[in-house]
Amino acid sequence: MWLIPGKPLFGQDRVLDAKLHHVRSGDQPEWASFPALPEAKYLEIRFTAQVNKSAYTLQLRQQDVKQAWRVLLNDSILGPLVTDEKDMRTYLPVPAGRLKTGENIMRVATASPFSDDIRVGEVVLDNRPVNQVLNEALVEVEVLDAKTKQPLPARITIVNAAGILQPVSTLQSDLLATRTGVVYTGNGKVSIHLPAGSYRLYAGRGFEYSVDSVNLNLKTGERKVIKLAIQAEVPTAGWISSDTHVHTFTHSGHGDATVAERAVTLAGEGIELPIITDHNKHIDISQEVKQLGLNKYFTPVMGSEVTTPVGHFNIFPVAPDAPMSNYWAKDWNALALTLGPPAASNAIILNHARDEHAGFRPFDPAHHLAPAGRTLTGWTFPANAMEVINSGALQTDNHQLLHDWFGMLNGGYQVTPVGSSDSHDVSRYIVGQGRTYIRSSATNPGQINVAEAVNNFTAGKVMVSLGLLTELLVENKYGPGELVPAAGEVQVTVRVLGPSWVRAKRVTLYANGRKIQKVNISNQTAAGVKWSGSWQLPLSKQDVFLVAVADGPAGSMPYWPLVKPYQPTGPHWEPLVMGASGAVWIDADKDNKRTSAKEYATQILLSAKDNPGKIIKKLAPYDEAVAISVASQLQVQGIHLTGNKFTKALQKAKPRTLAGFEQFRKAWQETQQAAAVQK
């Protein structure tokens, strides 16, 4: 509790507390970036005042707000803090008569039992109503395409002199979506009302475009007209941008983006093939998009997030008269009966596999052995794709889901990697921040051949993006989702792409999930192509899949901020931008098909007939992934790798075989520990 007598009134503003305070709900620290101990569990400020005969405004600053915090004045609720982790000012109306003569008490508190470290303070009381505070100056903004000079849908971000998101006021319009410090415009134009002061305005249009900005010093009664010009910086010819996980508040019932606002945000972020996936509903927004005049910017596809007790699965495309999937299924086998078999024309995506919903985590170590891509429940995996980047549910380990995907490929599943946003909101989670690029012949984003896009998607002809793109080409011909014929060696070419405002630090090439090449990138802020290079790779005895991954520090980007992990596994997190190619398969064994590590392992065990010496000898030409699968299959058969015969045989094993067995041992130990905790 803070006892603040209140400073004298200067004009309309009265500073009740000039400091920012750390308060915490729950008993455990949430993030290491906060002190170990909070100042208190809530913020309380006492100040003297006179009863207000008209509406006033209470202003404060907030950071890292994840739970539902409320602001109370004299035990009456003024309103909530904005549930958003970003650094922002918040304005709350103080109704006439809410202040009393004498001592007043303002409190910021939450009833949530969950850990939430927040900072709140810098509290100011203004003796004018909110609409008057926000209407001291006017800025007429137009965002143009730098090449065509035509207005362009865009996202405009407004921060004050301290870099904090600033509340604004705009006129009501179906072509605008306005939140604290953010305005999306569907036609590139908007009139923004602001308090007098100093600001910086940014204009952008998602990952592919540059960012333009301007500094403003606004006086009371002033009107300024500004034009900002942005241009496409990332070459994406032959690809379309898709967000396969898009919600609306209108139909999902949480978040805050109405259908009209969702259409404006999709146009403003440059998403060309959005999949509308409201929970257990089939929603078609194409008519609303057409009425808004935004249908030339994207082709919406009707899908559904089948939200079950055993995981969430996005399916698309969905026919308007299609029956609803059995979202009460208690296991994947029952669910698969209504989802239908994964097919070229039917995309089924496992969403946020490491997050827990309804008490179930699909890839929890208790029932999923990640390095082997092995489900321990006995269920059949019902999907042909999985999210490896979900910008609305990032992982503490940024690469965790990528490695889970590698395990699934090694386990014999043909699974497409997916980037998505899972956005229900206008601004808290940016739609299209995580996205998937799909091979397409389309040149008009408003007339995309959906059947072609879905077929290419399920074939794995994709790239996954969170601020970067990583192109992978083998023999200057074969890309993601394709099979490269055998040769003595293959040339692998990689390009790392991104806009000028994103930094790329390194690029890594994986074979069957194992790092085989790594390069640091020096020209981190180049626009378009940030790095390109090639390697000559000798072929081994076995088929392998190649994946290239680039990443870099996220930095401070008020116009494109990353949100902290939704379900963190620890208090430390390093925000990264990332880009991953889809998998390119090398047909090293010349049988004209993709042969997984699991298939090689099965062949080895059949031919070796459980003889440890023969197993180890036959493993010699193969990589760690095959060794992991052999160890996994032996464990299923009840054969212990620590027995005398195996221990002796392992003395003659290749280092990569030993490495694979060790990876399995650690993963199995984690599985046993997780299962014990659940019991």
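Values quoted throughout were computed directly from the atomic coordinates according to the rules given, and no laboratory measurement underlies them. What you see is a predicted model; the values in this text were computed from it and never measured. Positions of Cβ are backbone-derived with ideal geometry, glycine not excepted, and every protein chain shown enters the neighbour counts.
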Practice problem: Using only Cα atoms, find the angle between the long axis of helix 624-636 and the longest principal axis of the chain, and express it within 0 to 90 degrees, rounded to the nearest 10. | Solution: 80 degrees
Exercise. Set the Förster distance to 30 Å, then compute FRET efficiency between Ala675 and Lys515 from the Cβ-Cβ distance, nearest 0.05.
Key: 0.50
Quiz item: Extension gain Asn131-Ala68, at 0.36 nm per residue separation less the Cα-Cα distance, in nm?
Solution: 20.2 nm
Self-check item: Highest to lowest packing among 215-224, 621-630, 404-413, scored as the average C-beta count within 10 Å
Solution: 621-630, 404-413, 215-224
Quiz prompt | Sites Ala162 and His572, calculated FRET efficiency, Cβ-Cβ separation with R0 22 Å, nearest 0.05 | solution = 0.25
Practice problem: Please work out the ratio of the alpha-carbon Rg of the stretch 134-230 to 2.2 N^0.38 Å and round it to two decimals. | Solution: 0.99
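Compute for the stretch 357-453: radius of gyration divided by Kirkwood radius, i.e. Rg/Rh, restricted to C-alpha atoms, rounded to two decimals.
Ratio of gyration radius to Kirkwood radius: 1.03.
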Exercise. Please give the helix 597-608 orientation as an angle from the longest Cα principal axis of the chain, in degrees from 0 to 90, rounded to the nearest 10.
Key: 30 degrees
Quiz item: Which whole-Hz couplings ³J(HN,Hα) result when phi for each residue of the stretch 525-534 is put into the Karplus expression 6.51 cos²θ - 1.76 cosθ + 1.60, θ = phi - 60°, listed in order with x for Gly and Pro?
Solution: 9, 4, 8, x, 8, 8, 6, 8, x, 9
Practice problem: Tabulate in residue order the Karplus-calculated ³J(HN,Hα) for the stretch 434-442, using 6.51 cos²θ - 1.76 cosθ + 1.60 with θ = phi - 60°, rounded to whole Hz; enter x for Gly and Pro. | Solution: x, 8, 10, 9, 10, 4, 7, 8, 5
Quiz item: Cα to Cα, under 20 Å, and not fewer than 8 places away if on the same chain: which lysines meet these conditions relative to Lys100?
Solution: Lys7, Lys53
Quiz item: So who's got an amide H within less than 5 Å of the one on Ser421, skipping anything under 5 residues away but keeping other chains? H placed 1.01 Å off N, in plane.
Solution: Thr244, His245, Ser391, Gly432, Gly434
Quiz item: Taking the mean number of other Cβ atoms within 10 Å as a proxy for protection, how do you rank 145-151, 349-355, 305-311 from highest to lowest?
Solution: 349-355, 305-311, 145-151
Self-check item: Stokes-Einstein D for the stretch 86-163, Kirkwood Rh over Cα pairs, 25 °C, 0.890 mPa s (µm²/s)
Solution: 141 µm²/s
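Nearest 0.05, what FRET efficiency do Asn523 and Asp256 give at R0 = 30 Å with Cβ-Cβ as r?
For Asn523 and Asp256, the calculated efficiency is 0.15.
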Quiz prompt | DSSP beta bridges in the chain [antiparallel fraction, %, rounded to 5] | solution = 80 percent
Practice problem: Find how many whole Å separate the alpha carbon centroid of the stretch 230-286 from the alpha carbon centroid of the stretch 62-134. | Solution: 32 Å
Practice problem: With everything on Cα atoms, drop me the angle between helix 655-678 and the longest principal axis of the chain, reported from 0 to 90° to the nearest 10. | Solution: 50 degrees
Exercise. Excluding residues on the same chain fewer than 8 positions from Lys614, give the aspartates and glutamates whose Cα lies under 18 Å from its Cα.
Key: Glu599, Asp623, Glu624
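Determine, for each peptide in 647-654, 465-472, the mean count of other beta carbons within 10 angstrom over its residues, then list the peptides with the highest first.
Descending mean neighbour count gives 465-472, 647-654.
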Exercise. Starting from the Cα gyration tensor of the stretch 597-678, multiply each eigenvalue by 5, take the square root, and state the resulting semi-axes largest first in whole Å.
Key: 21, 13, 12
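At 0.36 nm per residue, minus the direct Cα-Cα distance, what do Asp27 and Thr647 gain on full extension? Give it in nm, one decimal, please. Show your work: numbers first, answer last.
Values: separation 620, 0.36 × 620 = 223.20 nm, distance 4.67 nm.
Computed gain between Asp27 and Thr647 is 218.5 nm.
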Practice problem: At 25 °C and 0.890 mPa s, grab the translational diffusion coefficient of the stretch 267-316 from Stokes-Einstein with a Kirkwood Rh over Cα pairs, rounded to a whole number in µm² per second. | Solution: 211 µm²/s
Exercise. Just grab the label-to-label distance for Lys100 and Gln172, each label 7 Å out from Cα along the Cβ direction, in nm (one decimal).
Key: 3.6 nm
Quiz item: Taking one equal scatterer on every alpha-carbon of the stretch 2-129, how large is log10 of I(q)/I(0) by Debye at q = 0.14, 0.22 1/Å?
Solution: -0.58, -1.30
Quiz item: Of Lys515/Lys666; Lys296/Lys515; Lys461/Lys541, which sit over 30 Å apart, Cα to Cα?
Solution: Lys296/Lys515
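With only alpha-carbon pairs counted, each pair once and no self-pairs, how large is the Kirkwood hydrodynamic radius of the chain in angstroms?
With all distinct Cα pairs of the chain included, I get 27.0 Å.
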Self-check item: Cross-link reach list, lysines versus Lys224, counting only Cα pairs under 29 Å and skipping chain neighbours closer than eight places
Solution: Lys86, Lys147, Lys149, Lys189
Quiz item: Just for the stretch 134-230, what percent of DSSP beta bridges are antiparallel, to the closest 5?
Solution: 80 percent
